[in-house]
Amino acid sequence: MAVRVKTRRYIGMIAVSVAALALLAWGASPYWLSVLNVIGLYTVVAVGLSLLMGYAGQVSLGHAGFYGMGAYVAAVLSTRLGWNGWLTLPAAVLLTMAVAWVVGRPAVRLREHYLAMATLGLGMVFHIVMVEWEAVTGGSSGIVGIPALAVGPWTVEGERAWLILTWGAAAMALAMAYSLVTSPIGRALRAIAGSEAAAEALGIPASRYKLAVFVLSAGFAGLAGALYAFYVTFVSPSSFGVMMSIQFVMMVVVGGGHRLWGAPAGAATLVLLGEGVKAYLPALLPGAGGEVQLVFYGLLLIAILLLKPDGVLTGWATWRRKRSGEHARAA
Amino acid sequence: MPGLLEVRRLTKRFGGVQAVVDVSFSVPPGILYAVIGPNGAGKTTLFNLVSGYLAADSGEVRFNGQSIRGWPAHRIARAGLARTFQNLELFPGMTVLENVMVGCDARVRCGWLDALFGTGRRRAANATSREEARRLLALFSLDGVADIPAGSLAYGMQRMVEIVRAFALRPKLLLLDEPAAGLNPAERQQLAAVLRQARAQGVTVLLVEHDVDLVMTVADRILVLDQGRVLAEGTPEEIQTHPAVVAAYLGEEVS
């Protein structure tokens, strides 16, 4: 299931990605830059979730809750308590991880889908708290006027400046995840996904590792959420519902959870699909409203999963293998 | 001299079924100890009780001088008691080398922060495990399949890999649950070689086996279980002539 990753290949891909991003940042319109920023933020969430799903074999249906929690921690601390924006980032990450630890501890001891159920409930609880705890969260209208992140006299403003932060965070998340999955702990996580009984027999405390990777993935979601709060400068509960959690899971599934590059690929696929349907469907199908768009979005996702059940990168990986195989034979 | 593994009056019931009743035995270090008995005699239950996969109702399990009853399986493994499974439990998507590396990883030092931030300790741990796994595969003549996904190996080969993977923990005691099940004669010979190699490395082996002929040739001592109780215990010669064993078990197998 899990793929052996080659450092050289990764360095090549990173170089290509950075070059492509730089080119896009230079030439793209503000709209496309904002799309790229959102993909970058979602990539951070999807990387963490793919560690949980693809490497430890667990599902979380509540990651929008952690994403929202990170956003609200950043928003509340920076607007109501006047914290420096940068300081709210580690606070958001640590608080999200602490909540994940409390919720995950009982759930990972139980097998199979308990974590999925527990996190689904958790996501709903978060959403209700965001709506109802008006004194702190501002209720359904949320919190506006989140100050910009600043470095000395410069503030991080505008889509281009944000690309550095969102994709910097995505690159950091990918680098950490890569380092993790190619370590003894990464092998242990893959072992747990392969056979929990055998992993235990080799001295791996399976539930402790599952909890740790769940907490880690929540931390990534919390970081992405906090950055999102500063990026859009306001937060409201509607951005962090159960549908968003399912979208995060879809990103990992569409990207192929056992491949780290699946995270950005899946995030890009879902965002571009959503934007594409919004932009082109009304032209093809006059009068197509939001519901029809949603139906098309769903149908296209189903089509992708039927055509690429192992993730959108499948064909590409086979092509690489075939090419390197021919290369080896020629040599 | 106390045994490496001491089991005292161990009992386990499933509902009304008495799976293991008052079983006591002692495995001295350095020998190959076999547990035999017909299907449903409680062999695998006994195994799961000793290795922490089932909780005993009563009795005591001492390993290397410590009471390990109630310990979680991973702690028992780290204490030096490794096991294999009757139904193969390899990590199918990982290569043979990676499977064995997971066993070697139990002895390297690499925490979560090392892993996430790619410290030198992570690099050293990976190198140590890789080197050790390669050495073990060579020792057991499995180096030819090191880079093949474990799930695509032939059945018999998977069994050998599972034993080598357990061996990678450098256990004091190796528990093998019916390792010869489903093997063809050639593979059985290979298995016997693997067992001899394991013993040559100084590992004590506790073997649960259905195949009496194999047990008689490799075991130093034998425990015979029948309906969850100890029927007899002794050397292969003693077991072969034990009246209760001959009557209850060997008689029908041999005839």
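Every number in this text was worked out from the coordinates using simple rules, so none of it is lab data. Note that the structure is predicted; figures quoted are calculated from it, not measured. Please note: Cβ atoms are built from the backbone with ideal geometry, for glycine as well, and neighbour counts cover all protein chains shown.
Taken along its three principal axes, the alpha carbon spread of chain B comes to 62, 40, 37 Å, from the longest extent down to the shortest.
Counting only alpha carbon atoms, the long axis of helix B:120-139 and the longest principal axis of chain B meet at about 50°.
The distance linking the range B:170-198 with the range A:141-200 is 45 Å (Cα centroid to Cα centroid, whole angstrom). Where only DSSP H runs of four or more residues are counted, chain A gives -25000 deg cm²/dmol as its mean residue ellipticity at 222 nm, each run worth -39500 (n - 2.57). Here the spin labels are modelled as points 7 Å beyond Cα on the Cα-Cβ line, and at A:Arg105 and A:Trp32 they lie 5.0 nm apart. Given a Förster distance of 41 angstrom, what is the FRET efficiency for B:Gln201 paired with B:Gln240, based on the Cβ-Cβ distance and rounded to 0.05? The computed FRET efficiency comes out at 0.90. Given R0 = 35 Å, the distance between the Cβ atoms of B:Thr11 and B:Ala138 translates into a calculated FRET efficiency of 0.20. For chain A, rounded, prolate or oblate, judged on the Cα gyration tensor with a ≥ b ≥ c (square roots of eigenvalues), a/c < 1.5 rounded, else prolate if a/b > b/c? In terms of gyration-tensor shape, rounded. Extending 7 Å from the Cα toward the beta-carbon at both A:Val136 and A:Leu87 defines two label points whose distance is 1.9 nm. Remark on the range A:83-224: Rg and Dmax equal 18.6, 56 Å (Cα only). With r defined as the distance between the Cβ atoms of A:Met172 and B:Thr217 and R0 fixed at 60 Å, what FRET efficiency is calculated, to the nearest 0.05? Once rounded, the FRET efficiency stands at 0.55.
Within the range B:143-176, none of the trypsin sites (Lys or Arg not before Pro) combine a DSSP coil assignment with at most 14 other C-beta atoms in a 10 angstrom radius. Using a cutoff of 8 angstrom between alpha carbon atoms and counting only pairs six or more residues apart, the relative contact order for chain A works out to 30 percent. Cα gyration tensor of the range B:51-185, axes a ≥ b ≥ c as square roots of the eigenvalues: rounded (a/c below 1.5), prolate (a/b > b/c) or oblate? Taking the square roots of the gyration eigenvalues as a ≥ b ≥ c, the range B:51-185 is oblate. Projected over all directions and averaged, the alpha-carbon convex hull of the range B:1-107 occupies 8.2 nm².
Short to long, the 5 Å bins of the Cα pair-distance histogram for the range A:146-221 hold 3, 13, 18, 16, 12, 10, 8, 7, 6, 5, 2, 0 percent of all pairs. Look at the alpha carbon pairs under 8 Å that are at least 6 residues apart: their mean separation over the length of the range B:126-238 gives a relative contact order of 20 percent.
Among A:Val103, B:Val194, A:Val242, A:Val144, rank each residue by its count of other Cβ atoms within 10 Å, from fewest to most, as a rough exposure measure.
A:Val144, A:Val242, B:Val194, A:Val103
Computed from label points 7 Å out along Cα-Cβ, the spacing between A:Leu300 and B:Arg107 is 5.5 nm. Over the protein assembly as shown, the pair-distance histogram of Cα-Cα distances with 20 Å bins from zero comes to 19, 44, 27, 10, 1 percent, rounded to whole numbers.
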